[in-house]
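Participant: A single structure is presented below for examination.
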Amino acid sequence: MKKKRMTVGSLVRHKRYGAIGLIIDHFMWDENSGGFEVEFTKPAKLSDGHSIKSIMGKHTDFELIN
């Protein structure tokens, strides 16, 4: 069975915050890894009480939702 890849339009979960969103862009995080910009379906609450609507992070910060 072929492993599904995360790409623009994929539904993902942020591993730290648990927030769900869509990948809206991809970029090189460093010379060895890719990164994604994700727009959450609803704002994610941070531990300091703030909330965010989107985030940019290394590809390993996210997991694909089937």
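Throughout, read-outs are computed from the coordinates displayed, never taken from laboratory work. As the structure is a prediction and not an experimental result, all values here were calculated from the model. Counting neighbours? That spans all protein chains shown, and the Cβs are built from the backbone with ideal geometry, glycine included.
Participant: Could you please give the count of residues in the stretch 1-19 that are buried (at least 16 other Cβ atoms within 10 Å of the Cβ) and among the hydrophobic types (A, V, I, L, M, F, W, C)?
Facilitator: 3
Participant: Here's something else I'd like to know. When only residues in the stretch 2-15 that are assigned to a loop (DSSP other than H, G, I, E, B) and in contact with a helix residue (DSSP H, G or I) (Cβ under 7 Å, 6 or more places away or on another chain) count, which is farthest from Asn66 (Cα to Cα)?
Facilitator: The extreme case among them is Lys15.
Table: residues versus (1) within 10 Å of the chain's Cα centre (by Cα); (2) touching a residue at least 12 places away in the same chain (Cβ under 8 Å).
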residue	(1), (2)
Met6	yes, yes
Trp29	no, yes
Glu37	yes, yes
Ala44	no, yes
His50	no, no
Ser54	yes, yes
Lys58	yes, yes
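Participant: If I filter the stretch 23-66 down to residues being among the acidic types (Asp, Glu) and part of a strand (DSSP E or B), which single residue comes out as surrounded by the fewest Cβ atoms within 10 Å (Cβ to Cβ)?
Facilitator: Glu63
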